[in-house]
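Engineer: One structure, as structure tokens, below. Some questions next.
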Amino acid sequence: MKVFGSAAPVLFAEKELKRILAAMTDADVSGLQIGCFDAFPEIEPKRTARDALDDEIYISVRNFSGIIAGCNPRSVLIAAYRYAKELGARFVNVGKAGEILPKLTETEHSVFVHEIPSYRHRGVCIEGAVSTENVIEMVDFLPKVGMNTYFIQFREAHTFFERWYGHRNNPLKAHPEFTREDAQACVREVEKEMSERGILYQAVGHGWTCEPFGVPGLGWEPWTEEIAPEVLENFALVNGVRGLAEGITLNTHACYSNPKVRKAIIDDVCNYIKDHPTLDVLHFWLADGVNGVCECDGCKVMRPSDMYITLLNDLDAALTAQGSDAKIVFLLYLDLLWPPMEQTLNNPDRFILMFAPISRSYNTSFGVSGELPEMAPFVYNKVELPKDPNQNVSYLRAWQKVFSGDSFIYDYHYMWAFMYDPGSIKLARVLSEDIRNLKDLGLDGFISCQIGRVMFPNGFNMVTMGEMLWNRDASFDLIAKDYFDALYGEAGSDVLAYLSELSKRFAPLDLQNEKDFAPDAEKAAVAEEIYHFISKQDFSDRALAAHAEYCMRFAKFLANRYAGKPADVETLKQYVWEIEDEFQGIYDAWSYDNVLRHIWKLYE
């Protein structure tokens, strides 16, 4: 195998291709050539105008002789994995255990692929409870399914690592202290792995409204330390008081009309960019709370989005003076869904629009035709967030009238909604349709804000995400057939049918909109029937069997709750935690517990 270039992702692609082919064949692979497009003058790129965010792959190989190339080092790695897939390899989940590398019975083959992906932005954002190894496994998995981006939220993602290393809420383990410095060490390890693969590095998001004033934004836990009065003056005035929104630093807005506050924020962003030269894209968001923007005389004369644009223009000017061409993501979210009335971006090319419809329903996908529902009226600090997916699109369309630059969606299918659909197939289909429709919505990609370990009982959701982002015209049904046949062999169609039926049976409970689980005889009967349906299944696959056991206990618990009977909460709660060690890489007990405990309040 001949390698052109010394970039780390190209060398990593060579190493990975040698490893994979060694497992699949004894054939001579010395005729393979691997490198970037500029090493092969015979390649005519499909896209001539591109930047570091774009990918393109080229494969022309016959009988282990030929070219495997990409428009940049990361694309070379994506091309290497694609070649392996064309030979029969399948990447069905994270980690080496998620690789299926069949022995080739013959060496004759012809592979020609020359493609650009349907979307520029194809990635995942850290969430849930994760170890360093969990994040690295996800980073490793992304290029295997054609994805290119990983987003580390906040400055060092402390809360996500602490949930795992501190074993938050886990009654079966001790709870050691996990510091900010510990989290920083985790991020450094992840950064190395991202750099080796050329994965685009996006970072921060929330925190800019508190960190510049010496108040850490580590997570969503209430801040318990005293804050000096002169520091509180930087925060939003709400109901006559300046302080933390519900005691949570990340949820707190600043007083954006105050020039000293704006300068402190902008200086902090500029310093962060200067101190993080490997960063590809920085997210500059405001607070993670709704209806808490500043009500002082200087702030309330503008919509929050107008004040946001003012901040973004300040940031652009400061970065230009600093000589930085850093890309900045700005956020359409909560109060910021309503577009500005007065301000516009002075330098739109620096910015990337991120549409985050966190309040939407996942029962249906976004529509792309027909008349859209009207936006709700903007009422300062009394906004009502849209739940209907199509009404969410109305807000996006309004923003697109004032910004026509690069953009993507930041969506939450696998943050909570996976708990509403234990069969997972309905949600995966909604995801596939949402991704297919992105281009028609004028969006150039998707970053999934999701639990990191959300591949239980399998990784079909992540493979669907990667396949559809690479090719929006791919068939969901063909992806499903290929995946389940590869993972479960002759039982593939039966497993797919079972999980599809599970999705269908849970649907009438409408768990996404459930609030109090009040007595309901009809729903009690549905949940009881689900229990009996699952109890008749028999799985040799251990993850499927454990998942079925969870679903069965969950269904029995729901049946009792809906019937007004005592529900065995401890049996359910214990099982959620006791299986985690066995499936740690693909199953996040903290997230299951979080939905059951805090969102549905099924137990305390």
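The values are calculated or read from the model by the stated rules, or taken from the named source; none is laboratory data. Just so it is clear, the model here is predicted, and its values are computed rather than measured. When we count neighbours, we look across all protein chains shown, and the Cβ atoms used for this are built from the backbone with ideal geometry, even at glycine.
Engineer: Condition first: more than 27 Å from Thr107 (Cβ to Cβ) and either more than 30 Å from the chain's Cα centre (by Cα) or among the basic types (Lys, Arg) (or both). Now tell me which residues in region 46-63 satisfy that. If you could, list the steps in order and put the result at the bottom.
Structural biologist: Filtering region 46-63 down to residues more than 27 Å from Thr107 (Cβ to Cβ) leaves 46-56.
Lys46, Arg47, Arg50, listed by residue number.
Engineer: Here's another thing I want to ask about it. Which condition number does Pro519 fail, the rest of (1) out of contact with any Gly (no Cβ under 6 Å at 6 or more places or on another chain); (2) outside the structural domain of Lys387 (by TED's automatic domain parsing) being met?
Structural biologist: Against the list (1) out of contact with any Gly (no Cβ under 6 Å at 6 or more places or on another chain); (2) outside the structural domain of Lys387 (by TED's automatic domain parsing), Pro519 comes up short only on (1).
Engineer: Further, regarding this structure: Find all pairs meeting these conditions: Cβ atoms under 6 angstrom apart; at least six residues apart or on different chains; first residue within region 513-528 and touching a residue at least 40 places away in the same chain (Cβ under 8 Å); second residue charged (D, E, K, R).
Structural biologist: Pairs found: Phe517/Arg561.
Engineer: Could you list, in sequence order, the residues of region 32-58 that are surrounded by fewer than 15 Cβ atoms within 10 Å (Cβ to Cβ), in contact with a Leu (Cβ under 9 Å, 6 or more places away or on another chain) and over 30 Å from Phe408 (Cα atoms)?
Structural biologist: If the condition is that a residue be surrounded by fewer than 15 Cβ atoms within 10 Å (Cβ to Cβ), in contact with a Leu (Cβ under 9 Å, 6 or more places away or on another chain) and over 30 Å from Phe408 (Cα atoms), then no residue fits.
Engineer: For Phe506, indicate whether it is part of a loop (DSSP other than H, G, I, E, B), surrounded by 13 or more Cβ atoms within 10 Å (Cβ to Cβ), among the hydrophobic types (A, V, I, L, M, F, W, C) and modelled with pLDDT of 95 or more.
Structural biologist: no
Engineer: Return the pair list, or none, for Cβ contacts closer than 6 Å from residues in region 193-219 that are without any contact (Cβ under 8 Å) to a residue 24 or more places away in the chain and in a strand (DSSP E or B) to residues that are surrounded by 21 or more Cβ atoms within 10 Å (Cβ to Cβ) and not polar (S, T, N, Q), at least 6 apart or on different chains.
Structural biologist: none
Engineer: Taking into account only those residues within region 64-76 that are of a type outside the set (Val, Ile, Thr), surrounded by 20 or more Cβ atoms within 10 Å (Cβ to Cβ) and outside any loop (DSSP other than H, G, I, E, B), which is farthest from the chain's Cα centre (by Cα)?
Structural biologist: Ranking the qualifying residues of region 64-76, first place goes to Ala69.
Engineer: Determine which single condition Leu427 fails, assuming it passes every other condition in (1) under 19 Å from the mean Cα position of the chain (by Cα); (2) closer than 30 Å to Lys300 by Cα.
Structural biologist: (2)
Engineer: Out of all the residues in region 126-137, is one or more of a type in the set (Ser, Thr, Tyr), modelled with pLDDT of 95 or more, more than 30 Å from Ile328 (Cβ to Cβ) and not in a loop (DSSP other than H, G, I, E, B)?
Structural biologist: No: region 126-137 contains no residue that is of a type in the set (Ser, Thr, Tyr), modelled with pLDDT of 95 or more, more than 30 Å from Ile328 (Cβ to Cβ) and not in a loop (DSSP other than H, G, I, E, B).
Engineer: For Asp477, only one of the following conditions fails: (1) within 21 Å of Lys85 (Cα to Cα); (2) without any contact (Cβ under 8 Å) to a residue 24 or more places away in the chain; (3) over 24 Å from the mean Cα position of the chain (by Cα). What is its number?
Structural biologist: Among (1) within 21 Å of Lys85 (Cα to Cα); (2) without any contact (Cβ under 8 Å) to a residue 24 or more places away in the chain; (3) over 24 Å from the mean Cα position of the chain (by Cα), the lone unmet condition for Asp477 is (3).
Engineer: Please find, among Val10, Val113, Val61, Val29, the residue that is part of a loop (DSSP other than H, G, I, E, B), of a type in the set (Val, Ile, Thr) and surrounded by 14 or more Cβ atoms within 10 Å (Cβ to Cβ).
Structural biologist: Val29
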